[in-house]
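Here's the structure, in structure tokens; my notes come after.
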């Protein structure tokens, strides 16, 4: 039997209201990086259309390879993937070997898992039930196709940008990474990175604290909590968030046309 793991259902970022508040505080950042991008990508999917996300640069680390599996399944077996959305749980159970399996064979995919994960994404955004599963599937693909995806250790996405722009949003959420893909020092090293770059105007860092000790460390460093008094798994914003927002120049934002309706891949 293949060992499996369930996406953390208590991830504080899997809350649409909290994510909406988060984007109000972050502002319309031109770059977004999610080094621990697992779950249903709540920060990406919860981004307002008013930000014209199709003109932005968004990158996510996907160590579980759910994005690659989704695109493969939708291209090769769209009907089966859409049908799997009807039976998909709120949060899918993922085989630990999925990423290794997909990297070993470019033709392999799991339509049931893809449909289940797509259903979870639609439930988060609130779109589930508003259209047929096939339509929702192509809308999700259209949203994610512009997101650059990596698969590996979270640090690979944290190199300083070649041309730093004030306000590159970095979402540090090590709590979202299931145990088989995390290391014992991930929480501590992620916190150290966040504290080191808290005042760096090249970034607007969001850190999800793992415990009260991390919350106190962030608070002592001048970080601002999102949503009220400190609590377990608190979401914190770096001091650079307000400063970078004040420096944002709308004239520097690159604009492109919004994508048209999703186009189904040719059979």
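Its relative contact order, with pairs defined as Cα atoms under 8 Å and 6+ residues apart, puts the range 42-142 at 33 percent. The modelled label-to-label distance for the pair residue 189/residue 100, using points 7 Å beyond Cα in the direction of Cβ, is 2.0 nm. Counted by neighbouring Cβ atoms within 10 Å, the residues 138, 117 run from fewest to most as 138, 117. Applying 0.36 nm per residue to the separation of residue 50 and residue 142 and subtracting their alpha-carbon distance, the gain on full extension is 31.5 nm. Calculate the FRET efficiency for residue 107 and residue 79 from the Cβ-Cβ distance with a Förster distance of 22 Å, rounded to the nearest 0.05. The pair residue 107/residue 79 has a calculated efficiency of 0.75. When each of the peptides 106-112, 204-210, 55-61 is scored by the mean number of other C-beta atoms lying within 10 Å of its residues, the order from highest to lowest reads 204-210, 55-61, 106-112. The residue 130 and residue 150 beta-carbon pair, evaluated with R₀ = 30 Å, returns a calculated FRET efficiency of approximately 0.45.
What FRET efficiency, computed as 1/(1 + (r/R0)^6) with R0 = 41 Å and r the Cβ-Cβ distance, is obtained for residue 86 and residue 219, rounded to the nearest 0.05?
0.35
Ranked by the mean number of other Cβ atoms within 10 Å per residue, highest first, peptides 97-105, 146-154 order as 146-154, 97-105.
Could you tell me whether the range 92-155 comes out rounded, prolate or oblate from its Cα gyration tensor? Rule is a ≥ b ≥ c as square roots of the eigenvalues, rounded for a/c under 1.5, then prolate if a/b exceeds b/c, otherwise oblate. In terms of gyration-tensor shape, prolate.
Every read-out reported here was derived from the displayed coordinates using simple, explicitly stated rules and does not represent laboratory data. The model shown is predicted, which means the values in this text are computed figures rather than measured ones. For neighbour counting, all protein chains shown are included, and Cβ atoms are generated from backbone atoms with ideal geometry for every residue, glycine included.
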